[in-house]
1. Any residue at all in the stretch 102-123 that's free of Cβ contacts under 8 Å to residues at least 24 places away in the same chain and over 30 Å from residue 26 (Cα atoms)?
2. For the stretch 9-30, indicate whether the set of residues that are in a helix (DSSP H, G or I) and open to solvent by less than 20 Å² (accessible area, probe 1.4 Å) is non-empty.
3. Among all residue pairs at least 6 apart or on different chains, which show Cβ distances below 6 Å where the first residue, located in the stretch 140-161, is closer than 14 Å to residue 59 by Cα and the second is assigned to a loop (DSSP other than H, G, I, E, B) and at pLDDT 95 or above?
4. Taking the stated definitions as given, is residue 153 open to solvent by 10 Å² or more (accessible area, probe 1.4 Å) and either under 21 Å from residue 16 (Cα atoms) or in contact with a helix residue (DSSP H, G or I) (Cβ under 6 Å, 6 or more places away or on another chain) (or both)?
5. So which strands (runs of 3 or more DSSP E) are wholly in the stretch 35-109 and hold at least 2 residues that are under 19 Å from residue 130 (Cβ atoms) and over 13 Å from the mean Cα position of the chain (by Cα)?
6. Go through the stretch 90-126 and give me each residue that's open to solvent by 40 Å² or more (accessible area, probe 1.4 Å) and among the acidic types (Asp, Glu).
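The values are calculated or read from the model by the stated rules, or taken from the named source; none is laboratory data. Just so it is clear, the model here is predicted, and its values are computed rather than measured. Note: ideal-geometry Cβ built from the backbone for every residue, glycine included; neighbour counts use all protein chains shown. To get the accessible areas, we keep the full protein, side chains included, count just its heavy atoms, and leave off ligands, DNA and RNA. Shrake-Rupley method; radii C 1.70, N 1.55, O 1.52, S 1.80 Å.
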Amino acid sequence: MTIRNLTTFPQPVLKQKAQTVEVFDEDLKRLIDDMIETMREAPGVGLAAPQIGVPKRVIVIEFGHEDDDSIPKQLFVMVNPEIVDSSGEQVSGIEGCLSVPGFVGEVDRARVVTVTGQNAQGKKIRVRAEGWLARIFQHEIDHINGVLYTDRAEEIWQPEQEETDSI
């Protein structure tokens, strides 16, 4: 596994729609392993392939329970993810991003989403996410669609101290 360099705004790959993954091979597995290692090293709670300069539809998320650190984190790896359903309720929250260091913004997101995609072997998977996990999925899927949280934020600012985890 290799820790990759993070791609930061204004690099063009961050504003482009990523390519659908059609080949599930060792190169994809290596990319996923590198993404997980890079996300953990950053540290972040999610990472999309464009954030390391790779225009592929791949995301990784490592989610811990919001209120209880004793519950083990859950790792999600999704290839070609799509949001297929979301609740009508929008929830405002503060987001940061590894690709937009030093800034945060308030973004409205659906409280609940259902995401479909494939795992590293190409098998179809489906995840229903709520709360913070739903926000992370939406943030990462935005990345593979060429959208940054700054495109959705009503206001962006530089916090005096760490206000949120970087997604």
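1. No, because not a single residue in the stretch 102-123 is free of Cβ contacts under 8 Å to residues at least 24 places away in the same chain and over 30 Å from residue 26 (Cα atoms).
2. Yes.
3. Sorted first by the residue in the stretch 140-161, then by its partner, the pairs are 144/18; 144/57; 145/17; 146/16; 146/17.
4. Here the answer is yes, as residue 153 does meet what is asked.
5. 74-86, 90-96
6. Matches in the stretch 90-126: 106, 108.
Quick grid of which residues meet (1) closer than 19 Å to residue 17 by Cα; (2) in contact with a Ser or Thr (Cβ under 8 Å, 6 or more places away or on another chain):
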site: 46; (1), (2): yes, no
site: 51; (1), (2): yes, yes
site: 55; (1), (2): yes, no
site: 62; (1), (2): no, no
site: 65; (1), (2): no, no
site: 70; (1), (2): no, no
site: 75; (1), (2): no, no
site: 79; (1), (2): yes, no
site: 85; (1), (2): no, yes
